[in-house]
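As structure tokens, the structure follows; a few thoughts come after it.
The values are calculated or read from the model by the stated rules, or taken from the named source; none is laboratory data. The model shown is predicted, which means the values in this text are computed figures rather than measured ones. Reconstructed Cβ throughout: ideal geometry from the backbone, glycine too, with neighbour counts over all protein chains shown. We work out accessible area using only protein heavy atoms, side chains counted, and drop any ligands, DNA or RNA first. Shrake-Rupley method; radii C 1.70, N 1.55, O 1.52, S 1.80 Å.
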Amino acid sequence: MRTMFGADVEALAGLGSSFVESAETLETARRQVDGIVATAGWVGPDAEEFRQDWSRRLAPALASCLGALRDNAEVLRRNAEDQARTSAADGGAGPGPDRGGRPGAGGGGDRSGDGGKDRPGNPDLSGHGPWVDVPPTIPLDDAALDPNMINQQGLGDCWLLAGLGAVARDDPQFIRDHMKLNADGTWTVTMYKDGDPVEITVEPEVAQDGVMDPSGNPSWASIYEKAAAEYWGGSYEDIDGGYSSDAFAAITGATPSKTGEGNLSDLKDRLTDGPVALGTEDEPSWWPFGDEVDDSRVVPNHAYIVDKVEERDGELKVHVINPWGPGAHLQNDGSDKVGDMWLTEKQYKENFDTVYAVPSTR
């Protein structure tokens, strides 16, 4: 008897759609509860404690569930596409998509080709919609540009957001100088191609699955992310996977570096010279929860922002920020992928393998 391996393409795609619809339902509920919690007629210490618990623990946990649903929907979609291609080739095995080793932090598309253009209209949502309107003004003060205000959500672009957050941490005025609100409500973001400035003008609406602030609202990073999607090809899918060194080059116009993890003394020197992002250890497959990292708080196949390297408790430690956003991000395996953490040199070396750096714009 012949055994068939594969899947019903329509059934697989339908399952993926169910995951997306469930994520959208959960997102709507989260936004509604956000509004109710913020406006409820309740004051006093108990009210403040409840609101803090919601914003710091419960809302981020829901956001993590949203990310898991959308991640799995993407897995199903890609498998359905692979099955369709295989079936079209009369059952030939055929390779799966080349995801590289680090979804979000590496293994993305070729960044050396058709990049660095201002393209008319909106970039393709690629299943990451619908569009969310950007308010007429968004905050650009130092508090708003703090890298802890970045909340990655459903796109695999941690490589970009880690680079963006690291630049904002190092020189927030550079970000302000490279974003312009136009009279018609559009935004113009100045990026760089081979060191030359490229102005990218985007409409005041962003992908729902894209980066937001910790409250789930569009932010300055949402505008930059949309400009990057246009810059790198005209689709949000074009920024799914990459390296923070490419982000640094496009954001600052300077020449970045990409090296092994080294030690914390070296990392401290690099941070003195400019923005730094890190890549965590990975594994041969692209799925981010079968890993080689030792610390259960660390996301494998991921990029982090370096915030500080300094003496704490008698030894040199590094403070890293996860572009997933503040708070704990509870996973299906029970682990919490935290928003920021201090690591000893031993912990750092056990969990990270790549350093991305670029000269300061200050």
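Quick one: net charge around Glu49, please, counting Lys, Arg +1 and Asp, Glu -1 for every other residue with C-beta under 12 Å from its C-beta. Once positives and negatives cancel, what remains is 0.
Summing +1 for each Lys or Arg and -1 for each Asp or Glu among the other residues whose beta-carbon sits under 14 angstrom from that of Ser257 gives -3. If the chain linking Ala38 and Arg57 were pulled fully straight, counting 0.36 nm for each residue of separation and taking away their Cα-Cα distance, it would gain 5.3 nm.
These residues, Arg51, Arg362, go from largest to smallest accessible area, 1.4 Å probe, as Arg362, Arg51. Packing, as the average of other Cβ atoms within 10 Å across residues, places the peptides 226-232, 257-263, 166-172 in the order 226-232, 166-172, 257-263, highest first. Multiplying the residue separation of Lys258 and Trp342 by 0.36 nm and subtracting their alpha-carbon distance yields 28.0 nm. Legend: distances between Cα atoms for Lys226/Lys337; Lys193/Lys226; Lys226/Lys268; Lys180/Lys308; Lys180/Lys268; Lys258/Lys346; pairs beyond 24 Å are Lys226/Lys337; Lys226/Lys268; Lys180/Lys308; Lys180/Lys268. Each residue of segment 214-228 was assigned a 3J(HN,Hα) from its phi angle through the Karplus curve 6.51 cos²θ - 1.76 cosθ + 1.60 (θ = phi - 60°); the sequence is x, 8, x, 9, x, 9, 4, 5, 4, 5, 4, 4, 5, 4, 5 Hz, with glycine and proline shown as x. The alpha carbons of segment 299-348 give a radius of gyration and a Dmax of 11.8, 36 Å, in that order. The relative contact order of segment 290-362 comes to 31 percent, based on Cα pairs under 8 Å that sit 6 or more residues apart. Largest accessible area first, the listed residues Leu271, Leu69 line up as Leu69, Leu271 when surface is computed with a 1.4 Å probe on the assembled protein chains.
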